[in-house]
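Notes to accompany the following structure.
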Protein chains: 2
Amino acid sequence: MRQLYHYWFCPFSRKIRFSLLEKVLECELVLELPWKRRTDFLILNPAGNVPVLKEENGLVISGTHAVSEYLEEEYNKPNFLGSTPAIRSEVRRLTDWFDLKFNQEVTEIVINEKVMKKYLKRGNTDASFIRFASQNIKHHLQYIEYLTDRRNWLAGDEFSYADISAASHLSCVDYFGDVPWERFSKARDWYARIKSRPSMQIILKDNIAGLIPASHYRDPDF
Amino acid sequence: MRQLYHYWFCPFSRKIRFSLLEKVLECELVLELPWKRRTDFLILNPAGNVPVLKEENGLVISGTHAVSEYLEEEYNKPNFLGSTPAIRSEVRRLTDWFDLKFNQEVTEIVINEKVMKKYLKRGNTDASFIRFASQNIKHHLQYIEYLTDRRNWLAGDEFSYADISAASHLSCVDYFGDVPWERFSKARDWYARIKSRPSMQIILKDNIAGLIPASHYRDPDF
């Protein structure tokens, strides 16, 4: 069967999982802890990061960019990139917004402080980093409100990788209750629509040993 | 005419310029200094970074990922992604290797220390960062040697975005003479083939006021 090497709090793995579930492509999840630098995994992907998708025919695709483009090329119903050059460019621009900018300014900081340092005891947590991420996330939520005020989904009329990517990052941060939804009701409405999708419900039901999610984490009416 | 908003030492802008030249797509270069956060430019691309491609029909495409995929979809002769899922995945994996990993471990550090801090006087240069990048680059040159020992170009038989991306990053760093070519002769042979391409010769001929490149920077026989 198709296999996805993933890690629970890797937003890029979540993005691919979300996409596979939406496309109804069956897949076995293989938990990979990238910091272990397991030799057999480094042979699959020398960069040592997740996600890595292994198809039943043996084809190995490494990295969120390569996997998402591959899924669109090979299994494009439903299509999450759009059909015109303008829409595809907008979807890719926004996907990068979340995968690069949001990741650097929010996700990476929260996961590093709350999972790597606190849970895995790799250094001391630093409250100033968390405060920095808390400031940054407000601008991103404002941007989501700006977009959804003008469009049905983030990149236009259709649900796309822009929504998949944004929701994947936000859900990782929301696990720890670090998204100030109460001050951004339109962003919350958009995320409620995402949460009510059966695909996202599956992802949000993950039980991660030793880490209890925020009380509203799984609830579509939050 | 088509316009490319770029910055001289942005490896992602170089990558798109390199691709446009290889595809013989005419383009006017517009110099954009991203740190100025010019309002008119932020309207084009709210993320505020280069490259941004503006087509004659008004279509705006922001970000190296969106632009490179767009160019392959719209102008795919020559094709720099390959034609099979396996090759395309390998090209995208290696493109990300350089755009994410090499960038973080080498390019970003060198450009920050040598352009942002030293030339633009934004803080004090820190020799330990340069030493860190000098250590990191060796592993990447070794990886280029490993790949070119087994393949004609980095991702396989054909010249691809993997080569374009790797060469774009290396050429930014090589401007300052920070690539230890003498210890990596096979990587040098690969880069000599890149440098001898008419497209790359155009890029290497840029004159950047106030910054003299390393003596071997433009020479294909170095």
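Could you tell me what percent of the DSSP beta bridges with both partners in the protein assembly as shown are antiparallel, to the nearest 5?
Values: 14 of 22 bridges.
DSSP beta bridges in the protein assembly as shown are roughly 65 percent antiparallel.
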Ascending count of other beta-carbon atoms within 10 Å, so fewest first, for B:T84, A:T125, B:T107: B:T84, A:T125, B:T107
Residue by residue through A:83-93, how many Cβ atoms from other chains fall within 10 Å of the Cβ on average? 5
Counting other Cβ atoms within 10 Å, which trypsin sites (Lys or Arg not before Pro) in region A:192-222 have at most 12 and lie in a DSSP loop? A:K205
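Grab the Cα-Cα distance for B:E73 and B:I202, subtract it from 0.36 nm times how many residues apart they are, and report the gain in nm with one decimal.
Separation in residues times 0.36 nm, less the Cα-Cα distance, equals 44.0 nm.
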Counting other C-beta atoms within 10 Å, and keeping those with at most 11, which DSSP coil GluC sites (Glu not before Pro) do you find in region A:45-145? A:E56
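Could you list B:S160, B:S165 so that the one with the fewest beta carbons within 10 Å of its beta carbon is first and the one with the most is last? Display every interim value, and only then the final one.
On the way: B:S160 24, B:S165 29.
So the ranking, lowest neighbour count to highest, is B:S160, B:S165.
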Note to self, chain B gives a 222 nm [θ] from helices alone (DSSP H runs n ≥ 4, -39500 (n - 2.57) apiece, / all residues, nearest 500) of -14000 deg cm²/dmol
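If you take each beta carbon of peptide B:63-72 and count the beta carbons of other chains within 10 angstrom, what is the mean?
Working: counts 8, 1, 8, 9, 3, 1, 7, 5, 0, 1.
Mean shielding count: 4.
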With label points set 7 Å from each Cα along the Cα-to-Cβ direction at B:A127 and A:R151, the distance between them in nm comes to 5.0
Output for region B:1-41: GluC sites (Glu not before Pro) sitting in coil per DSSP, at most 15 other Cβ within 10 Å, listed by number, reads B:E26
Most fluctuating of B:A192, B:A47, B:A86 in the GNM of chain B (C-alpha, under 10 Å) is B:A86
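Values quoted throughout were computed directly from the atomic coordinates according to the rules given, and no laboratory measurement underlies them. Please read these numbers as outputs of a predicted model, since none were measured by experiment. No Cβ is skipped: glycine too gets one built from the backbone with ideal geometry, and neighbour counts run over all protein chains shown.
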